[in-house]
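Contents: one structure, followed by commentary.
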Amino acid sequence: MASKPVYALVGDLFFASKIVKTAEGMGVEARAFDSADRLLQASKEKEPSVVILDCEKLEKEAFRLLQAFSLEQGLSGVPRIGYLSHVAQELKREMREAGCEQVYAKSEFARELENLLVRYTRGFPSRI
């Protein structure tokens, strides 16, 4: 297992399972949370390589987590990426402004998940 885990704030069991199974299949530790507070606490205990946010189902939690990571000196440099439906363009803009490095359409995120994990856990360039 990699030294830094992948953490995800996810409101959908399908996506939580997909993220965790894909990461673990690559030999990367992964955990899914449905609470910003629990994810933040876990991040303080073991810094993640990347945080994935469900920007739509857990919108308020995602904003809280983005703010907390920005304010927390040891976590402010952790990459934060999100996903949402392709029609939520205003929310996408707001998430980017709040500190989400990249926000993907849900379908693109699902299709490119393994590639994104390689980029953020191993430092290789992403195709997207």
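Residue separation of Lys4 and Leu71 scaled by 0.36 nm, minus their Cα-Cα distance, works out to 22.1 nm of gained length.
Once whole DSSP H runs in the chain are found, which of them have Cα atoms spread over 15 Å or more along the helix axis and a mean Kyte-Doolittle score of at least 0.5?
Numbers: long enough: 13-25 (18 Å, 0.65); 59-71 (18 Å, 0.07); 106-122 (23 Å, -0.82).
Both cut-offs are met by 13-25.
Counting only residues at least eight positions apart within a chain, or on another chain, the lysines with an alpha carbon under 16 Å from that of Lys60 are Lys92.
Taking a straight Cα-Cα cut-off under 14 Å and skipping sequence neighbours fewer than 8 places away in the same chain, the aspartates and glutamates within cross-link reach of Lys57 are Asp12, Asp34. For the chain, the share of DSSP beta bridges that are antiparallel, to the nearest 5, is 0%. Counting 0.36 nm for each residue step from Arg111 to Gln89 and taking away their Cα separation leaves a gain of 6.0 nm. Inter-label distance, Glu24 to Asp12: 2.1 nm, where each label sits 7 Å from its Cα along the C-beta direction.
Here, each number is a calculation from the coordinates, and none is a lab measurement. Please read these numbers as outputs of a predicted model, since none were measured by experiment. Neighbour counts run over all protein chains shown; Cβ positions are idealised from the backbone, glycine included.
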